[in-house]
Amino acid sequence: MNTLNLVLCAVAAASLDICALVLILTAYQERNTGKKRWNRMTSFMELADYSVSYPLDCDEILIGRHASADIRLPDLSVSRYHAIMTVSNGVWTITDIGSKSGIFVNGNLIKTIQLRENDVIKLGNRRLVFRRKGVN
Amino acid sequence: MKSIKRCQGLMSLVLILFIIGMVALVVKIYRESSFYMMNSDDLSLGKVYDRNGDVLFDGSGKTEFEDNYLIDVGNLIGDDNGQMTNTLVSRNIKRLNNYSFNSGLVSSGGKASIHTTLDHEANRKVYDAFYGQDGCAVAYNYKTGEILICTSLPSIDVTKGYENIEELRSGTLMSKNMYRTVPGSTQKVSTVIAALEIMGADTLFSKSFSCSGTYENKGGNNIDCHNIYGHGEQNIQQAVENSCNPFFAQLVEDEDFPLKKIKSIYKEMGYTINDDNCGYFDIDGIKCDKASTTLNDPYEFKTQWGCIGQGDTLVSPIQLMMWQSAIANETGKMTMPYLISYTTDVNGKENYSVETEFSDRIFSSNTASTTKQILLTNGENNYSSLISGYTIGVKSGTAQVNEGRNENSLLVGFVEDKDFPIAFCILLEDKNNTSVKTESIAKVMLDSLSETYS
Amino acid sequence: MSNKMTYVFSALFVLIAHIGMLLNIFFNGNYSGVGSVIILSAAVIFLDVVYFMAMLFFKQNTYAIDFLLILLLNMSVIFQSCFGGVRLSVKHYITCIVALASCRVGYILCRNHKWLQQQKKYFYIGIGILMIVILTLTGSRSMWISLGPITIQPSEFMKPLFVLACATSIAEQQNKHKILKFHVVYENFALFGLMAMIFLLQWWCRDLGSLPTFVAIYACGFLLRICYPKAKFSKNKLIAAGAVLLVVAIIGIKFAPSYVQDRLHVDIWSDQSGGGYQQSQALIGIANGGWFGKGPGHGYLHNIFAHDNDIVFATISEEWGLLYALMMVFVILIIVMIPLINPPRSYFHATMATGICASFAVQMALNIFGSCNMIPFTGVTIPFISSGGSSLMVSGLMAGMLIACQSPVFVQTKKPKKKKSVQPVNYPQQQYIPRRESY
């Protein structure tokens, strides 16, 4: 093996290495802008309890008592899988998925409804406020 | 988000499994690449040296050898063309590979080598001492395990290549030291060891049996003595020195010497009993036959003959020599012999060096001491003039082969000298057809070794 | 766009990586006239630049996978052009362009997952048609259709469809029906039936090589379904599933047809000229190449059958060095790792990405480990690297699907709109008024 071969291989491999690294960094950069874009797309909304706020990070949010639910409300009055929230065109919708106690939005028992800012959602004994991020 | 995290978890798992596989692959390739190259068409082999730096094999084929340069150890060293499989080079050809994954294939100037423990010059002298008579001789340092002499006849100079394999005499392309042969009376050493283990020295020395030239055993067969006039009443020391067959036949029949125990001690020593498939042990990859014998019934002719060293008993010379080390060391543990003292890789870096290894205890150290004393006395009484200048313990043997038509002569022994600890075994075939004696070969062997080796 | 500079740098470094390889070829390669190197360089750089230009016309959320894809495809053009002497491999170059085009197709088709879910029955129908095509058109139990100079492997095209069929959303899994005492999702049964059909078909066609890919995709889809109603990855269930798989695998191996058995038990070194020829030559090639390779075009493996697909890892290793081949594998891994860095925003896309990840990983594993004799040798291709039109096209399509996962649109399918035209609904800034109920 001659030196030239070795040097050139090392150069080629190094440039590929650096390229891979740069592309990974690009992906990380995109992760940040992706977050912002997601927030914009979903109108910067979140659900809030008394003290906790639940981010709405994906387009299907499952709310329930079960450990695998995206928003977990450990309260016996809440069904295991109580409601699902979906987003479309930047509008969030909440749908009952066979809960025992039903969903009350602003006091009205509903099956499915498009949510508006500051709606109060009552699941069993738990109340959640649908609000804009950054409002406390 | 939990649901998506779950997906990510599963993806990570898949990727991690794959990466683990890749790591395993790289490790495997890195470690086995040398082996892969051995299967390649273009490969470059290094050299084999003896202990003094003489070249015994050159894979590049560039070294010019004199005629008959390698006739002494040629059938042990072998070559790389695939005919001689049970040889040092073909069993260790991987170590000669001038290749490493880091430096690639080095076609010329690679430094892969095997440095053997053999003494080429001494081997040559021993070879010459056979005067062309078939046989073999092996000797090693019983303290360290280095094999110094390992020559076998007939032989050819493999450096010059060989054609017409059919025309070569049988045994030309192998070192007879590694293969089983009839041990003759050298087997009696094993029987003495078994007797000492079972009865203890006091009981054994108190036993005496008489010999009148022949003995009709309890099974009704005759066990003949080589002395047709008989040796009279003997104890074990005299019987060993006389190599008296009737004595040993009676010993085997003795009530204090149950066959079941003999079998277990033989097994400890490495015999395969009542089984045609003897198995192997290996010395640096070279396969060596294990000893084997047939033991059925203490009154049976075949069994007694087996304990005397004829008939079905077969032992390789190298194993006879190894037992001598267990006796000479007075430990009951064999020193394991080796041929490769160290090897170097393609860059000349030492990548393997040997450490002396010992076998498990095959008999007690008391037995070893007593046997050693018996053999030393035998050496002093009968061989001090033939092999002068050394304190040696020996046992000779005469083996009947080809259904009694030919007789081979054997000599096993050791030198009692802490600066010159040599154990050896010499086999001379068809002894009645030559004036060469095993004792004279032993003398040449020890003389040449003591010149170059101390 | 805020990431403009990042993208300029990414493009630059992709070019640098390619130029590094081309320099290596120029100084080190095995070529007769310098013209062939220039043609290759021009082709590669031209494709790079054109693709960067084309990317300007696609408004995507992320471009990392695009850069990785063009990096990888041009790498593979360079690899394939160097086997046994440098000359542009026109066929591979064209298939790479086709792969890039199919990547666009995959991207456009898969962006809207809600729309995709409504098309699910078409995936089943599509796979069904492909299976019928395989059964009827491919001759004598093989997986290939010959159309003049082009051979098509329909089973490859089943992969993206199967990935889509395996993908599911939470809403879909909530759509349960009660049979006797159990709440079940019909779709899961349909998928199981599909898997069984594919299994039988592959068995019948003796193409057990691509079977593990389908099984892996199905296993991912299955795991992400069964674990759903119960908490997380229920350990017991996982162990049970693993045990079942193991038992199935053992039984499968035991009762596998004899030609499979032969492959499982082949000792390649004792059968170097027969069944073990490719693998033993591949391993010797890798050993010959060492870390840094023998130089582009200087290898021997291009004389071996299937050097450019089945044992392509070894061929690249020999010419470019094991280090470089590992880097190449790493780049493919980065493509499937992007969803880990930048998570998809819907479960459907996430399961889709998992299926693609499984498919790529299994294909690479089968190819690389198979050619290196760690597992039985199967004729599976490495995505993006191996030559072969069907495989490259499908790999491109799946990469497009990954890009789609990164740039989803969330619009109702009843009134389809482009994402960009969707104005975020401005919720009226009303005061928060506690209503009838009190806390």
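Bear in mind that the values in this text are calculations on the coordinates, not laboratory data. Fair warning: this is a prediction, and the values are worked out from it, not measured in the lab. Methodologically, a virtual Cβ is constructed for each residue, glycine included, from the backbone with ideal geometry; neighbour enumeration extends over all protein chains shown.
General remarks:
- Each Lys or Arg adds one and each Asp or Glu takes one away; over the other residues whose Cβ falls under 13 Å from the Cβ of residue B:36, this sums to -1.
- Contact order, relative form, for chain C: 25 percent (alpha carbon pairs under 8 Å, 6 or more residues apart, mean separation divided by residue count).
- With the helix formula -39500 (n - 2.57) applied to DSSP H stretches of n ≥ 4, chain B reaches a computed 222 nm mean residue ellipticity of -10500 deg cm²/dmol.
- Pairs of Lys residues in segment C:114-406 that lie 8 or more places apart, or on two chains, and have C-alpha atoms under 21 angstrom apart add up to 12.
- Relative contact order, percent, chain B [alpha-carbon distance under 8 Å, six or more residues apart]: 17
- Taking GluC sites (Glu not before Pro) in DSSP loop states with no more than 15 other Cβ atoms inside 10 Å as exposed sites, chain B has its longest site-free stretch at B:256-354.
- Full extension of the chain between residue B:384 and residue B:30 gives 121.7 nm of extra length, using 0.36 nm per residue less the Cα-Cα distance.
- Each of residue B:19 and residue B:65 was given a label point 7 Å from its Cα along the Cα-to-Cβ line. The distance between the two points is 5.3 nm.
- Taking label points 7 Å from Cα along the Cα-to-Cβ direction, residue A:33 and residue B:255 give a separation of 10.5 nm.
- Cut-off 10 Å between beta-carbons: net charge of the residues surrounding residue C:338, Lys and Arg +1, Asp and Glu -1: 0
- Cα-based shape type of chain B, given that a ≥ b ≥ c are square roots of the gyration tensor eigenvalues and the cut on a/c is 1.5: prolate
- Spin-label model distance (nm) - residue B:164 vs residue B:435, 7 Å beyond Cα toward Cβ: 3.1
- Whichever aspartates and glutamates have a C-alpha closer than 15 Å to that of residue B:290, once near sequence neighbours (fewer than 8 apart) are set aside: B:268, B:275, B:276, B:282, B:312
- Over segment B:237-367, the pair-distance histogram of Cα-Cα distances with 10 Å bins from zero comes to 11, 33, 33, 13, 6, 3, 0 percent, rounded to whole numbers.
- As a calculated quantity, the FRET efficiency between residue A:132 and residue A:72 at R0 = 22 Å, using C-beta atoms, amounts to about 0.45.
- Rounded to the nearest 500, the 222 nm mean residue ellipticity of chain A from helices alone is -10500 deg cm²/dmol, with -39,500 (n - 2.57) taken per DSSP H run of at least 4 residues.
- Other residues whose C-beta falls under 15 angstrom from the C-beta of residue C:63 contribute a net charge of +3, scoring Lys and Arg +1 and Asp and Glu -1.
- Mean ellipticity per residue at 222 nm, deg cm²/dmol - from DSSP H runs of n ≥ 4 across chain C, formula -39500 (n - 2.57): -21000 deg cm²/dmol
- Distance from the C-alpha centroid of segment A:1-59 to that of segment B:52-129: 59 Å, rounded to the whole angstrom.
- Counting only Cβ charges, +1 for Lys and Arg and -1 for Asp and Glu, the dipole size of chain B around its Cα centre is about 1940 debye.
- 0 to 90° range, to nearest 10: angle between helix A:3-41 axis and chain A longest Cα axis: 20
- 20 °C / 1.002 mPa s Stokes-Einstein diffusion coefficient of segment B:320-441, Kirkwood radius on C-alpha pairs, µm²/s: 131
- Helices in chain B that qualify as membrane-span-like (whole DSSP H runs, Cα extent of at least 24 Å along the helix axis, mean Kyte-Doolittle hydropathy of 1.0 or higher) are B:2-38.
- Over 23 Å between alpha carbons, listed pairs B:47/B:418; B:28/B:94; B:62/B:111: B:47/B:418
- Taking a ≥ b ≥ c as the square roots of the Cα gyration tensor eigenvalues, chain C comes out oblate, since a/c reaches at least 1.5 and a/b does not exceed b/c.
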